[in-house]
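Asker: Dropping a structure here in C-alpha coordinates format, bear with me for questions.
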Amino acid sequence: MNKPFRLGVLGSGKGSNFTAIADAIDAGKISAQVGVVLSDVEGAGILAHARDREMAAQFIPPGKFRTKLDEEAERNYVAALQAARVDLIVLAGFMRVLKGDFLRAFEGRIVNIHPSLLPSFPGLEAWKQALDHGVKVTGCTVHFVDAGVDAGPIIGQQTVPVLDNDTPESLHQRIHAAEHELYPKCVGAIARGEISVAGRRVVWRKN
Ligand code: GRF
(Lines give C-alpha, C1' and ligand atoms only; values in the text may rest on other atoms or scores of the structure.)
Protein backbone atom coordinates (compact mmCIF):
# COMPACT_ATOMS: atom_id res chain seq x y z
CA MET A 1 0.00 0.00 0.00
CA ASN A 2 1.21 3.55 -0.76
CA LYS A 3 2.37 5.56 2.19
CA PRO A 4 -0.28 8.09 3.24
CA PHE A 5 0.10 11.66 2.01
CA ARG A 6 0.64 13.85 5.07
CA LEU A 7 -0.36 17.46 5.61
CA GLY A 8 1.21 20.03 7.92
CA VAL A 9 -1.30 22.82 8.53
CA LEU A 10 -0.34 26.31 9.73
CA GLY A 11 -2.90 28.84 10.93
CA SER A 12 -3.28 31.85 13.18
CA GLY A 13 -7.04 32.13 13.47
CA LYS A 14 -10.39 30.40 13.55
CA GLY A 15 -9.38 27.46 11.43
CA SER A 16 -12.53 27.15 9.31
CA ASN A 17 -10.49 26.22 6.22
CA PHE A 18 -8.62 23.62 8.24
CA THR A 19 -11.97 22.24 9.41
CA ALA A 20 -13.24 22.07 5.81
CA ILE A 21 -10.13 20.11 4.81
CA ALA A 22 -10.35 17.79 7.84
CA ASP A 23 -14.06 17.17 7.06
CA ALA A 24 -13.17 16.33 3.44
CA ILE A 25 -10.56 13.84 4.68
CA ASP A 26 -13.14 12.27 7.00
CA ALA A 27 -15.60 12.06 4.09
CA GLY A 28 -13.01 10.24 1.96
CA LYS A 29 -12.77 13.13 -0.54
CA ILE A 30 -9.09 13.79 0.23
CA SER A 31 -6.77 10.85 0.57
CA ALA A 32 -4.41 12.26 3.21
CA GLN A 33 -3.68 12.50 6.92
CA VAL A 34 -3.06 15.59 9.00
CA GLY A 35 0.44 15.10 10.43
CA VAL A 36 0.49 18.22 12.58
CA VAL A 37 -1.25 21.58 13.05
CA LEU A 38 0.95 24.50 14.10
CA SER A 39 0.04 28.02 15.17
CA ASP A 40 1.85 31.21 16.11
CA VAL A 41 -1.13 32.19 18.30
CA GLU A 42 -1.47 30.23 21.53
CA GLY A 43 -5.26 30.53 21.81
CA ALA A 44 -6.03 30.12 18.10
CA GLY A 45 -9.25 28.28 17.26
CA ILE A 46 -7.37 26.15 14.74
CA LEU A 47 -5.41 24.47 17.57
CA ALA A 48 -8.61 23.79 19.52
CA HIS A 49 -10.26 22.28 16.42
CA ALA A 50 -7.23 20.04 15.83
CA ARG A 51 -7.18 18.87 19.46
CA ASP A 52 -10.93 18.17 19.32
CA ARG A 53 -10.11 15.81 16.46
CA GLU A 54 -7.24 14.27 18.45
CA MET A 55 -4.65 15.53 15.99
CA ALA A 56 -1.15 16.69 16.94
CA ALA A 57 -1.37 20.45 17.53
CA GLN A 58 1.31 22.80 18.75
CA PHE A 59 1.77 26.49 19.46
CA ILE A 60 5.24 27.57 18.39
CA PRO A 61 6.14 31.13 19.44
CA PRO A 62 6.93 33.26 16.37
CA GLY A 63 9.71 35.30 17.99
CA LYS A 64 10.42 38.99 17.90
CA PHE A 65 8.89 40.13 14.61
CA ARG A 66 5.28 41.04 13.86
CA THR A 67 4.81 39.83 10.29
CA LYS A 68 7.38 37.03 9.90
CA LEU A 69 9.07 34.32 11.98
CA ASP A 70 12.45 35.08 13.51
CA GLU A 71 15.36 32.72 12.76
CA GLU A 72 14.91 30.53 15.81
CA ALA A 73 11.16 30.27 15.27
CA GLU A 74 11.70 29.39 11.62
CA ARG A 75 14.02 26.56 12.65
CA ASN A 76 11.44 25.33 15.16
CA TYR A 77 8.63 25.32 12.59
CA VAL A 78 10.75 23.48 10.02
CA ALA A 79 11.86 20.93 12.63
CA ALA A 80 8.28 20.27 13.78
CA LEU A 81 7.07 19.81 10.18
CA GLN A 82 9.98 17.52 9.31
CA ALA A 83 9.44 15.48 12.50
CA ALA A 84 5.79 15.03 11.45
CA ARG A 85 7.02 13.81 8.01
CA VAL A 86 4.64 16.05 6.09
CA ASP A 87 4.44 16.04 2.29
CA LEU A 88 2.56 19.32 1.88
CA ILE A 89 2.36 22.47 4.00
CA VAL A 90 -1.15 23.95 3.96
CA LEU A 91 -1.36 27.58 5.06
CA ALA A 92 -4.84 28.15 6.42
CA GLY A 93 -4.94 31.72 7.65
CA PHE A 94 -1.29 31.85 8.77
CA MET A 95 -0.67 35.55 9.23
CA ARG A 96 3.10 35.60 8.75
CA VAL A 97 5.16 35.76 5.58
CA LEU A 98 7.44 32.74 5.13
CA LYS A 99 11.05 33.44 4.20
CA GLY A 100 14.19 31.81 2.79
CA ASP A 101 15.09 28.81 4.96
CA PHE A 102 11.48 27.76 5.41
CA LEU A 103 10.73 28.08 1.69
CA ARG A 104 13.91 26.18 0.78
CA ALA A 105 13.07 23.35 3.20
CA PHE A 106 9.71 22.76 1.48
CA GLU A 107 10.23 24.13 -2.02
CA GLY A 108 7.16 23.69 -4.22
CA ARG A 109 5.32 21.99 -1.36
CA ILE A 110 3.60 24.95 0.33
CA VAL A 111 0.09 26.12 -0.60
CA ASN A 112 -1.98 29.07 0.59
CA ILE A 113 -5.51 30.35 0.21
CA HIS A 114 -6.18 34.03 -0.36
CA PRO A 115 -9.58 35.76 -0.29
CA SER A 116 -9.47 37.43 -3.72
CA LEU A 117 -8.93 36.54 -7.36
CA LEU A 118 -5.16 37.01 -7.48
CA PRO A 119 -3.25 38.87 -8.80
CA SER A 120 -5.92 41.41 -7.80
CA PHE A 121 -5.90 42.52 -4.20
CA PRO A 122 -2.97 40.76 -2.53
CA GLY A 123 -2.30 41.55 1.13
CA LEU A 124 -4.64 42.22 4.01
CA GLU A 125 -8.45 42.49 3.94
CA ALA A 126 -8.66 41.56 0.27
CA TRP A 127 -12.48 41.46 0.37
CA LYS A 128 -12.51 45.07 1.57
CA GLN A 129 -10.04 46.08 -1.12
CA ALA A 130 -12.33 44.48 -3.72
CA LEU A 131 -15.42 46.25 -2.38
CA ASP A 132 -13.65 49.62 -2.18
CA HIS A 133 -12.37 49.21 -5.74
CA GLY A 134 -15.87 48.47 -7.02
CA VAL A 135 -15.23 45.19 -8.81
CA LYS A 136 -18.36 43.19 -9.64
CA VAL A 137 -16.74 39.78 -9.19
CA THR A 138 -14.19 38.65 -6.66
CA GLY A 139 -13.49 35.27 -5.07
CA CYS A 140 -10.66 33.20 -3.68
CA THR A 141 -7.41 31.72 -4.93
CA VAL A 142 -5.34 28.70 -3.91
CA HIS A 143 -1.72 29.09 -4.95
CA PHE A 144 1.75 27.71 -4.38
CA VAL A 145 3.83 29.87 -2.08
CA ASP A 146 7.02 31.50 -3.27
CA ALA A 147 9.09 34.39 -1.95
CA GLY A 148 6.52 37.02 -3.00
CA VAL A 149 3.40 37.96 -1.04
CA ASP A 150 0.34 36.09 -2.41
CA ALA A 151 2.31 35.66 -5.61
CA GLY A 152 3.10 31.99 -6.46
CA PRO A 153 1.61 29.87 -9.30
CA ILE A 154 -2.20 29.68 -9.14
CA ILE A 155 -3.68 26.24 -8.53
CA GLY A 156 -7.38 27.11 -8.47
CA GLN A 157 -9.82 30.00 -8.22
CA GLN A 158 -13.50 30.31 -7.39
CA THR A 159 -15.56 33.39 -8.18
CA VAL A 160 -17.97 35.21 -5.87
CA PRO A 161 -20.23 38.00 -7.21
CA VAL A 162 -20.15 41.36 -5.44
CA LEU A 163 -23.72 42.44 -4.66
CA ASP A 164 -24.92 46.05 -4.61
CA ASN A 165 -25.88 45.80 -0.95
CA ASP A 166 -22.73 43.99 0.19
CA THR A 167 -20.89 45.11 3.31
CA PRO A 168 -17.31 44.00 3.93
CA GLU A 169 -18.71 41.40 6.36
CA SER A 170 -21.34 39.93 4.00
CA LEU A 171 -18.86 39.70 1.14
CA HIS A 172 -16.19 38.17 3.38
CA GLN A 173 -18.71 35.57 4.55
CA ARG A 174 -19.53 34.43 0.99
CA ILE A 175 -15.83 34.35 0.07
CA HIS A 176 -15.18 32.19 3.11
CA ALA A 177 -17.91 29.76 2.00
CA ALA A 178 -16.27 29.56 -1.45
CA GLU A 179 -12.88 28.91 0.21
CA HIS A 180 -14.33 25.93 2.03
CA GLU A 181 -15.21 24.37 -1.36
CA LEU A 182 -12.06 25.34 -3.25
CA TYR A 183 -9.33 24.48 -0.74
CA PRO A 184 -10.32 20.83 -0.19
CA LYS A 185 -10.64 20.36 -3.99
CA CYS A 186 -7.11 21.68 -4.56
CA VAL A 187 -5.51 19.80 -1.67
CA GLY A 188 -7.27 16.61 -2.78
CA ALA A 189 -5.92 16.96 -6.32
CA ILE A 190 -2.38 17.55 -5.05
CA ALA A 191 -2.62 14.51 -2.75
CA ARG A 192 -3.72 12.40 -5.76
CA GLY A 193 -0.71 13.63 -7.75
CA GLU A 194 -2.90 15.36 -10.34
CA ILE A 195 -1.21 18.76 -10.18
CA SER A 196 1.94 19.71 -12.07
CA VAL A 197 3.64 23.07 -12.48
CA ALA A 198 5.28 24.47 -15.60
CA GLY A 199 6.66 27.93 -14.87
CA ARG A 200 3.71 29.96 -13.65
CA ARG A 201 1.14 27.58 -15.08
CA VAL A 202 -0.39 24.84 -12.98
CA VAL A 203 -1.90 21.95 -14.91
CA TRP A 204 -4.60 19.62 -13.58
CA ARG A 205 -4.73 16.16 -15.03
CA LYS A 206 -6.81 13.19 -14.02
CA ASN A 207 -4.87 10.12 -12.91
C1 GRF B 1 -9.16 32.97 5.03
O2 GRF B 1 -10.04 33.98 4.63
C3 GRF B 1 -8.00 32.88 4.09
O4 GRF B 1 -8.31 33.29 2.80
C5 GRF B 1 -6.98 33.79 4.70
O6 GRF B 1 -7.16 33.65 6.08
C7 GRF B 1 -8.50 33.29 6.37
C8 GRF B 1 -8.47 32.12 7.28
O9 GRF B 1 -9.71 31.83 7.83
N10 GRF B 1 -5.67 33.45 4.22
P11 GRF B 1 -9.91 30.51 8.71
O12 GRF B 1 -8.98 30.59 9.91
O13 GRF B 1 -9.62 29.33 7.84
O14 GRF B 1 -11.35 30.56 9.14
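The values are calculated or read from the model by the stated rules, or taken from the named source; none is laboratory data. Values in this document were obtained by computation on a predicted structure and should not be read as measured data. We place every Cβ from the backbone using ideal geometry, glycine too, and count neighbours over all the protein chains shown.
Asker: Can you name the residue in segment 150-162 that is in a loop (DSSP other than H, G, I, E, B) and touching a Phe, Trp or Tyr at 6+ places or on another chain (Cβ under 8 Å) and, of all such residues, is nearest to the ligand (Cβ to nearest atom)?
Answerer: Within segment 150-162, the first condition is being in a loop (DSSP other than H, G, I, E, B), and the residues that meet it are 150-153, 162.
Restricting the remaining residues to those that are touching a Phe, Trp or Tyr at 6+ places or on another chain (Cβ under 8 Å) gives 152-153.
Working: 152: 13, 153: 17 Å.
Across segment 150-162, the extreme among qualifying residues is 152.
Asker: May I ask you to list pairs of residues, at least six apart or on different chains, whose Cβ atoms are under 6 Å apart, with the first in segment 163-181 being within 12 Å of the ligand (Cβ to nearest atom) and the second being among the aromatic types (Phe, Trp, Tyr) and assigned to a helix (DSSP H, G or I)?
Answerer: As it stands, the answer is 171/127; 172/127; 175/127, since those pairs meet every condition given.
Asker: Is it the case that residue 121 is of a type in the set (Phe, Trp, Tyr), crowded, with 17+ Cβ neighbours inside 10 Å and touching a residue at least 60 places away in the same chain (Cβ under 8 Å)? Talk me through it step by step, then tell me what you get.
Answerer: Values: of a type in the set (Phe, Trp, Tyr): yes; crowded, with 17+ Cβ neighbours inside 10 Å: yes; touching a residue at least 60 places away in the same chain (Cβ under 8 Å): no.
It is false that residue 121 is of a type in the set (Phe, Trp, Tyr), crowded, with 17+ Cβ neighbours inside 10 Å and touching a residue at least 60 places away in the same chain (Cβ under 8 Å).
Asker: Could you check segment 7-53 and list, in sequence order, the residues that are away from the ligand (no atom under 13 Å from the Cβ) and within 21 Å of residue 83 (Cα to Cα)?
Answerer: Of everything in segment 7-53, those that are away from the ligand (no atom under 13 Å from the Cβ) and within 21 Å of residue 83 (Cα to Cα) turn out to be 7, 8, 31, 32, 33, 34, 35, 36, 38, 42, 51, 53.
Asker: OK, next. Which ones in segment 1-15 are closer than 17 Å to residue 188 by Cα and small (Gly, Ala, Ser)?
Answerer: 8
Asker: Another question, then. When the residues of segment 124-136 are narrowed to those that are part of a helix (DSSP H, G or I) and more than 11 Å from the ligand (Cβ to nearest atom), which ends up surrounded by the most Cβ atoms within 10 Å (Cβ to Cβ)? Outline the logic, then answer.
Answerer: Applying the first criterion (part of a helix (DSSP H, G or I)) to segment 124-136 yields 126-133.
With the extra rule that they be more than 11 Å from the ligand (Cβ to nearest atom), the set shrinks to 128-133.
Details: 128: 17, 129: 18, 130: 26, 131: 19, 132: 11, 133: 11.
Among those that are part of a helix (DSSP H, G or I) and more than 11 Å from the ligand (Cβ to nearest atom), it is 130.
Asker: Yes or no: segment 78-91 includes at least one residue that is hydrophobic (A, V, I, L, M, F, W, C), out of contact with any His (no Cβ under 9 Å at 6 or more places or on another chain), within 20 Å of residue 22 (Cα to Cα) and within 11 Å of the ligand (Cβ to nearest atom).
Answerer: yes
Asker: Test each condition in (1) more than 11 Å from the ligand (Cβ to nearest atom); (2) at pLDDT 95 or above for residue 139 and report the one that comes out false.
Answerer: (1)
Asker: Take the residues in segment 182-194 that are within 16 Å of the ligand (Cβ to nearest atom) and not hydrophobic (A, V, I, L, M, F, W, C), then tell me which one is surrounded by the fewest Cβ atoms within 10 Å (Cβ to Cβ).
Answerer: Per the stated criteria, the residue is 185.
Asker: Take segment 107-153 and flag every residue that is of a type outside the set (D, E, K, R) and farther than 21 Å from residue 171 by Cβ. Outline the logic, then answer.
Answerer: Just the residues of segment 107-153 that are of a type outside the set (D, E, K, R), to begin with: 108, 110-124, 126-127, 129-131, 133-135, 137-145, 147-149, 151-153.
Matches in segment 107-153: 108, 110, 111, 144, 145, 147, 148, 149, 151, 152, 153.
Asker: Please verify whether residue 188 is in a loop (DSSP other than H, G, I, E, B), out of contact with any Leu (no Cβ under 9 Å at 6 or more places or on another chain) and of a type in the set (Gly, Ala, Ser), treating the condition exactly as stated. Steps first, please.
Answerer: Values: in a loop (DSSP other than H, G, I, E, B): no; out of contact with any Leu (no Cβ under 9 Å at 6 or more places or on another chain): yes; of a type in the set (Gly, Ala, Ser): yes.
Taking the combined requirement at face value, the residue does not satisfy it.
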